[in-house]
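To start, the structure under review is shown below, and the notes come after it.
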Amino acid sequence: MFVFSQPEIRQLFRNSQPDQTGKDHTPVAKLFLPRTGCIWLVTEVDLDNPARTLALYDLRQGLIIYDYMDLGEITTIRNIEGQRVMRDPYFTARYPISTYLNAAFALGYITEAEMTLRHYAAPKPQGPS
């Protein structure tokens with residue numbers, strides 16, 4: 001079973017504050033189901049119901065989703081070997097969620113490949129020349 005770290009919980013709640021609405025947050029945590037390719041990149045929580053989190057997810061059914069999900073439901077998911085969803089303790093997001101979303105829609109799956117994500121990242125504004 002996965003448990004968010006205290007810094008992740010604090011960031012999830014910070015990202016959910018009204019003054020943060022509509023911002024392109026970087027994913028705070030990555031959840032995955034071993035040996036399946038199922039991935040969830042979590043960005044914030046629903047302040048009215050913290051058991052719901054906003055995430056980009058891929059359940060390997062040919063559909064990429066960016067929406068709220070119920071953490072209680074995720075804890076019931078198991079792979080064929082009986083393993084549960086886990087949190088990736090080594091995950092560090094390098095791009096905002098829009099980059100992961102753009103790449104996932106183009107590829108049909110969520111990727112962490114640096115070259116691919118760089119390709120789908122929004123161009124950085126150029127300074128005065």
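So if I check each of ILE110, ILE65, which one is in contact with a Phe, Trp or Tyr (Cβ under 8 Å, 6 or more places away or on another chain) and either surrounded by fewer than 19 Cβ atoms within 10 Å (Cβ to Cβ) or of a type in the set (Gly, Ala, Ser) (or both)? Quick ask: steps written out before the conclusion?
Numbers: ILE110 fails: either surrounded by fewer than 19 Cβ atoms within 10 Å (Cβ to Cβ) or of a type in the set (Gly, Ala, Ser) (or both).
After applying the criteria, what remains is ILE65.
Just to be sure before I move on: is LYS30 at pLDDT below 95 and either among the small types (Gly, Ala, Ser) or on the phi < 0 side of the Ramachandran plot (or both) in the structure I sent? For LYS30, the condition - at pLDDT below 95 and either among the small types (Gly, Ala, Ser) or on the phi < 0 side of the Ramachandran plot (or both) - is not met.
Given PHE13, PHE91, which one is at negative phi, among the hydrophobic types (A, V, I, L, M, F, W, C) and in a helix (DSSP H, G or I)? From the options PHE13, PHE91, the qualifying one is PHE13.
In the set (1) part of a strand (DSSP E or B); (2) surrounded by fewer than 19 Cβ atoms within 10 Å (Cβ to Cβ), ALA55 fails one condition alone, (2).
Remark: pairs (first residue in segment 1-26, of a type in the set (S, T, N, Q) and at pLDDT 95 or above; second residue in a helix (DSSP H, G or I) and surrounded by 10 or more Cβ atoms within 10 Å (Cβ to Cβ); Cβ separation under 7 Å; 6+ apart in sequence or on different chains) = THR26/ILE97.
Is segment 70-86 home to any residue that is within 24 Å of GLN20 (Cα to Cα) and buried (at least 18 other Cβ atoms within 10 Å of the Cβ)?
Narrowing segment 70-86 to residues within 24 Å of GLN20 (Cα to Cα): 70-71.
From what is left, the residues that are buried (at least 18 other Cβ atoms within 10 Å of the Cβ) are 71.
There is at least one residue in segment 70-86 that is within 24 Å of GLN20 (Cα to Cα) and buried (at least 18 other Cβ atoms within 10 Å of the Cβ).
The values are calculated or read from the model by the stated rules, or taken from the named source; none is laboratory data. Please read these numbers as outputs of a predicted model, since none were measured by experiment. Cβ: placed from backbone, ideal geometry, glycine included. Neighbour counts: every protein chain shown.
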